Amino acid sequence: MNIAIIGCGLIGQKRAKTIAATDSHLVACVDQIKDRAEALAQQHPGCQAYSDWHDVMKRPDIDVIIIATLHASLAEIGLAAVNAGKHVLIEKPAGRKSAELEPIIKSAKKNNTFVRVGFNHRYHRAFRKARELVDENALGDLMFLRARYGHGGRVGYDKEWRAQPELSGGGELIDQGVHLIDLARWFLGDFTDIHGHAHTYYWDMPVDDNGFLILKTPKKQVAFLHASCTEWKNTFSFEIYGRNGKIDINGLGGSYGVERLSFYKMSEKMGPPETFIWEYPMADDSWEFELTEFIEDIKTKRQPAVNIEDAHAALKIVEEIYRISGL
């Protein structure tokens, strides 16, 4: 398939590296900074660079468009792409508000196009293993989960685009927090009881630097979530508790530490559990795995496992926390 990337920053460049593994071709790169688009295009023979995203919508040879822009333009470009009959991989959170995604949902159904949202954390090796264990009922009925995700920012963080609500739609909760919300929904299902608080404790910016959530399903399963950019030492922790055992995922590689999954299997006599550990010191392949699955979705006409409705549900939760918090 022929793929175009709109947004040639860090994430767009990561996406470009995965395309060869899918036997597809990067044929167009778009960025407002033309030099950045040209630099990425030069790495892929036959790829053309553009500064205006409207130009790639007109090309009939393009099958898939990957959108990796700032939050403010994700939904606008996504809607234009599905209206042009393209399949779309749109980076999380897919928009600033859930309402921005509703036209995309309608248009995708009307135009029979597939839209996947880039919640790549589902595809980290530890989460693929966790999904396997849960699906095998190794944990028994799930009771609750607890997760933390955070970084410490950097000098000038409060002056970057993420600190500008008109561009980002919010702060840490909509940035890293939506990953936790999506993962929690993936394991526990829809949340109907939403509580929490988002606040700015440290950074001099009009968006939140911490978000705290308690989410409950109709079966009273609970997700305790905390997203932070005052975490001073980068942290990722995700624990899933079932009646028969526990999964503990720590690290995402790089500055977050080696990715590791520990499975604690409860014995009939209780006491110390039987413990199994999987460690993944190799390079992260979640981006490649995710795109490969999306290409297969399109070829087999299968609804993507992480779709625009999932992003809509996650943003509804973010919006409710912001409403409760007066943001």
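The values are calculated or read from the model by the stated rules, or taken from the named source; none is laboratory data. Small disclaimer: the values here were computed from a predicted structure and weren't measured. Neighbour counts run over all protein chains shown; Cβ positions are idealised from the backbone, glycine included. Only protein heavy atoms, including side chains, enter the accessible area calculation; ligands, DNA and RNA are left aside. Shrake-Rupley method; radii C 1.70, N 1.55, O 1.52, S 1.80 Å.
Accessible area per residue for the chain is 45 Å², calculated with a 1.4 Å probe on protein heavy atoms, without ligands, DNA or RNA.
Using a probe radius of 1.4 angstrom, the carbon and sulfur fraction of the accessible surface of the chain is 51%. Checking every one of the trypsin sites (Lys or Arg not before Pro) in segment 230-317 against DSSP loop status and a limit of 14 other Cβ atoms within 10 Å picks out Lys233, Arg243, Lys269, Lys301, Arg302. Heavy-atom accessible area for His195, with the other protein chains in place and a 1.4 Å probe, reaches approximately 90 Å².
Under the membrane-span-like helix rule (DSSP H runs whose alpha carbons stretch at least 18 Å along the helix axis, mean Kyte-Doolittle hydropathy 0.0 or higher), the chain yields 71-83, 308-325. Heavy-atom accessible area for Asp23, with the other protein chains in place and a 1.4 Å probe, reaches approximately 120 Å². Listed cross-link partners Lys97/Lys316; Lys86/Lys106; Lys17/Lys109; Lys92/Lys233; Lys129/Lys246 are compared with a 18 Å cut-off, the Cα-Cα value being larger for Lys17/Lys109; Lys92/Lys233. Given the DSSP H assignment, sum -39500 (n - 2.57) over each helix run of at least 4 residues in the chain and divide by its residue total; what's the result at 222 nm in deg cm²/dmol, nearest 500? Estimated from H runs of four or more residues: -10000 deg cm²/dmol. Given the choices [x] 19; [y] 49; [z] 22, percent of Cα pairs over 36 Å apart derived from the coordinates of this structure is entry [x]. Working note: Karplus 6.51/-1.76/1.60 with θ = phi - 60° gives segment 242-254 the couplings x, 5, 10, x, 9, 10, 10, 9, 10, x, 10, x, x Hz, where Gly and Pro are set to x. The chymotrypsin sites (Phe, Trp or Tyr not before Pro) of segment 227-263 that meet both conditions, a loop assignment by DSSP and at most 16 other Cβ atoms within 10 Å of the site Cβ, are Trp232. Using a probe of 1.4 Å on the protein chains alone, the accessible area found for Glu293 is around 50 Å².
Contact order, relative form, for the chain: 18 percent (alpha carbon pairs under 8 Å, 6 or more residues apart, mean separation divided by residue count). For the pair segment 12-35 and segment 149-227, the centres of their Cα atoms are 29 angstrom apart. Which of the three applies to segment 1-82, rounded, prolate or oblate, going by the alpha-carbon gyration tensor with a ≥ b ≥ c and a/c under 1.5 meaning rounded? It is rounded, given that a/c, with a ≥ b ≥ c, falls under 1.5.
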